[in-house]
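Colleague: Could you have a look at this structure, given as structure tokens, before my questions?
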Amino acid sequence: MTPKKESIRIRTRYAPSPTGPMHVGGVRTALFNYLFAKKNNGDFILRVEDTDKERSKKEWENQLLKALDWFGLKWNEGPMFSDQKEIDFGSHYLGEYSPYRQSERGEVYKKYLEKLIKEENAYYCFCSKEDVESQKQYLMSIGEPPIYLGKCRNLSKEQVEEFKKQKKECVIRFRTPENIKIKFNDLIRGGIEIDSGTMGDFVIAKDMDNPLYNFTCAVDDAEMKISHVIRGEDHISNTPKQILLLRAMGFEEPQYAHLPLILNEQRKKLSKRDGKTSVDEYINEGYLKEALINFIVLLGWNPGDNREIFSLNQLIEEFSLEKIQKAGAVFNVEKLDWINGLYLRKKTIKELTMLCIPYLNNFIEKTSMETFKIKETGEEISIEWLEKIISLYQERLKKLSEISEFIDLFLIKELNYSKELLKWKEMNDSQIIQSLEISLMVLSQIENFTSENIQKELFKEAEKMANKGNLLWPLRVALTGKNSSAPPFQIAELLGKEKTIQRIKKAITIIEHE
């Protein structure tokens, strides 16, 4: 009887470098690794790759980890949060393979560097940077791959020691096997084959204390028992190098899956030149985490049908690597706006108001649990009044930061607009004044100042005109100072009768004096 093969525990990892703000591509990589692990009852590991000592910053580490936590992508192993929700970068880690910051794993890397050198799978290279660059330029000029030609490959131990005594600058190179094919099965792209002759002997460390990316990545994936490496397709060129390193150190390689690039609308790789690429920028603009997750997961993955709205738990159920496309995924902000708008409309008005309040700090300040003060006028307003105002625009909101542009008209003393905005089609100044005076007369006579009554009475007058816009457009602008807003009847009710009349009179003055 054939013994049953023991199943491998699924272990994925997200390994960001804390050298700048978290990119939307980084969130997608983390999300796909998280979903694949959870779908398969596995572990999602967070590892901070901070070997770039000059560019790695603690503030970027904080931002990366806080962003993952905000999205709800909880890691099974990695740096822990303290009670104050600040990142604890001390000795406290989750998981048995700590530490999870590469800057703290120096002794681990040194052990494997020594092993590779002892077994002659790596060697010291004393070639100057100028000589190496000159070699590369020559090879490119004759149409050959710009690889290191192996000048120091066969130095004797005595030569190496002599150069070290002379304190010659050196690096440590991996001895790439010659004339072999490195093959691996990409779970998204299928079989990939690389000729070792195109790689040459690549640098794996500047010295024993300064290992480089491909080496540290291979060591950590092996030591942390990573079963699946899911990352961007820009890492495909690194994969054969890491496979060779793993084999040389006596480890089995994980399975690899390389995600498609995220493209701009011109189908070029998304970069900072295309506008916002940092996830913090989208968070600060008022995109909800549910919407961002929903949008980001669709950058290269689809469920196989027309569904586009998923909760995180639903994504865990639905996700599979087989449904990831090979072609690049276009980052379409309009689609993000649409998805975010859907989620905003699902919020109760109380929930939405609480989400909007931080975006109104320039206009209001809190005075109690239920009241606010308008900064410009000193007027006190209630949370209920604010909810009514925000409810007017719930259907229009695409992101929370837009709310101040919509409702500032309620929170400022004076509107600022030109008399041209008051004009509907071919109306002249006298016609605009006449229209506003009709609105003023009608509204002054309404005692129960509700939007229903306002609309009813204004429509009586509007129907006498050739075009309703001749009455309603100047009124809308007079009350809002905008060419787009909620219906003027609802605006008037929330402004109140006194402010409504004041603003109509001000509009008449603008026409008369401009």
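The values are calculated or read from the model by the stated rules, or taken from the named source; none is laboratory data. This structure is a prediction, so every number in the text was calculated from the model and none was measured. Cβ: placed from backbone, ideal geometry, glycine included. Neighbour counts: every protein chain shown.
Colleague: What residue, of Lys346, Lys326, Lys373, is assigned by TED's automatic domain parsing to the domain that holds Glu281, out of contact with any helix residue (DSSP H, G or I) (no Cβ under 7 Å at 6 or more places or on another chain), surrounded by fewer than 18 Cβ atoms within 10 Å (Cβ to Cβ) and not aliphatic (A, V, I, L, M)?
Modeller: Of Lys346, Lys326, Lys373, the one residue that is assigned by TED's automatic domain parsing to the domain that holds Glu281, out of contact with any helix residue (DSSP H, G or I) (no Cβ under 7 Å at 6 or more places or on another chain), surrounded by fewer than 18 Cβ atoms within 10 Å (Cβ to Cβ) and not aliphatic (A, V, I, L, M) is Lys326.
Colleague: Residue by residue through the range 464-492, note down the ones that are closer than 28 Å to Leu397 by Cβ and either surrounded by fewer than 19 Cβ atoms within 10 Å (Cβ to Cβ) or not assigned by TED's automatic domain parsing to the domain that holds Val442 (or both).
Modeller: Within the range 464-492, Lys468, Gly469, Lys482, Asn483, Ser484, Pro487 qualify.
Colleague: With the condition being at pLDDT 90 or above, touching a Cys at 6+ places or on another chain (Cβ under 9 Å) and among the small types (Gly, Ala, Ser), I'd like the strands (runs of 3 or more DSSP E) fully within the range 28-133 carrying at least 1 qualifying residues. Steps first, answer last, please.
Modeller: Values: elements: 43-46, 78-81, 87-94, 122-125.
By residue number, no strands (runs of 3 or more DSSP E) qualify.
Colleague: I'm told Glu158 meets every condition in (1) assigned to a helix (DSSP H, G or I); (2) closer than 23 Å to Thr51 by Cα except one. Can you identify the failing condition by its number?
Modeller: (2)
Colleague: Here's a follow-up. So which residues in the range 121-145 are among the aliphatic types (A, V, I, L, M) and touching a strand residue (DSSP E or B) at 6+ places or on another chain (Cβ under 7 Å)?
Modeller: To start, the set of residues in the range 121-145 that are among the aliphatic types (A, V, I, L, M) comprises 122, 132, 139-140, 142.
Scanning the range 121-145 gives a single hit, Ala122.
Colleague: Conditions: (1) hydroxyl-bearing (Ser, Thr, Tyr); (2) in a strand (DSSP E or B); (3) at pLDDT below 90. Thr12 meets all but one. Number of the miss?
Modeller: (3)
Colleague: Here is a check on your reading of the model: is Glu395 part of a loop (DSSP other than H, G, I, E, B) and of a type outside the set (S, T, N, Q)?
Modeller: Yes, satisfied.
Colleague: Please pick out the residue among Gln266, Gln242 that is among the polar types (S, T, N, Q) and assigned to a helix (DSSP H, G or I).
Modeller: Gln242
Colleague: When you scan the range 299-320, how many residues do you find that are more than 18 Å from Lys276 (Cβ to Cβ), buried (at least 18 other Cβ atoms within 10 Å of the Cβ) and among the aliphatic types (A, V, I, L, M)?
Modeller: Looking only at that region, the number is 2.
Colleague: Select from the range 167-209 the residues that are polar (S, T, N, Q) and at pLDDT 95 or above and write down the one among them that is farthest from Phe36 (Cα to Cα).
Modeller: Thr176
Colleague: Looking at the range 178-220 only, could you name the residues that are part of a strand (DSSP E or B), among the aliphatic types (A, V, I, L, M) and under 15 Å from Val108 (Cα atoms)?
Modeller: Ile204, Ala205
Colleague: Among the candidates Glu365, Glu351, which residue alone is free of Cβ contacts under 8 Å to residues at least 12 places away in the same chain, part of a strand (DSSP E or B) and not assigned by TED's automatic domain parsing to the domain that holds His228?
Modeller: Only one candidate passes the filter, namely Glu365.
Colleague: So for the range 285-300 (the condition being over 19 Å from Leu35 (Cα atoms), of a type in the set (D, E, K, R) and at pLDDT below 95), does at least one residue qualify?
Modeller: No, the range 285-300 contains no residue that is over 19 Å from Leu35 (Cα atoms), of a type in the set (D, E, K, R) and at pLDDT below 95.
Colleague: May I ask you to list the residues in the range 166-197 that are of a type in the set (Lys, Arg) and surrounded by 11 or more Cβ atoms within 10 Å (Cβ to Cβ)?
Modeller: Result: Lys168, Arg173, Arg175, Lys183, Arg189.
Colleague: Got a number for residues in the range 38-62 being basic (Lys, Arg) and surrounded by fewer than 16 Cβ atoms within 10 Å (Cβ to Cβ)?
Modeller: Number of matching residues: 4.
Yes or no, residue by residue, for (1) without any contact (Cβ under 8 Å) to a residue 12 or more places away in the chain; (2) under 18 Å from Met199 (Cβ atoms); (3) outside the structural domain of Leu245 (by TED's automatic domain parsing):
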| site | (1), (2), (3) |
| --- | --- |
| Ser128 | no, no, no |
| Glu133 | yes, yes, no |
| Pro145 | no, yes, no |
| Lys151 | no, yes, no |
| Leu155 | no, no, no |
| Glu158 | yes, no, no |
| Glu162 | yes, no, no |
| Cys170 | no, no, no |
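Colleague: Output yes when any residue across the range 299-322 is in the same structural domain as Leu64 (by TED's automatic domain parsing), within 20 Å of the chain's Cα centre (by Cα) and hydroxyl-bearing (Ser, Thr, Tyr), and no when none is.
Modeller: yes
Colleague: Checking Leu422 against (1) in contact with a Pro (Cβ under 8 Å, 6 or more places away or on another chain); (2) farther than 23 Å from Ser484 by Cβ; (3) hydrophobic (A, V, I, L, M, F, W, C), which test does it fail?
Modeller: That leaves (2) as the condition not met.
Colleague: Here's a follow-up. Sort out which residues of the range 458-514 are assigned to a loop (DSSP other than H, G, I, E, B) and without any contact (Cβ under 8 Å) to a residue 40 or more places away in the chain, and write them in order of number.
Modeller: Those that are assigned to a loop (DSSP other than H, G, I, E, B) and without any contact (Cβ under 8 Å) to a residue 40 or more places away in the chain: Glu463, Lys464, Met465, Ala466, Lys468, Ser484, Pro487.
Colleague: Of all residues being over 18 Å from Glu414 (Cα atoms) and within 44 Å of the chain's Cα centre (by Cα) in the range 456-483, which is modelled with the lowest pLDDT? Just the residue, please.
Modeller: Applying the filter and picking the extreme gives Gly469.
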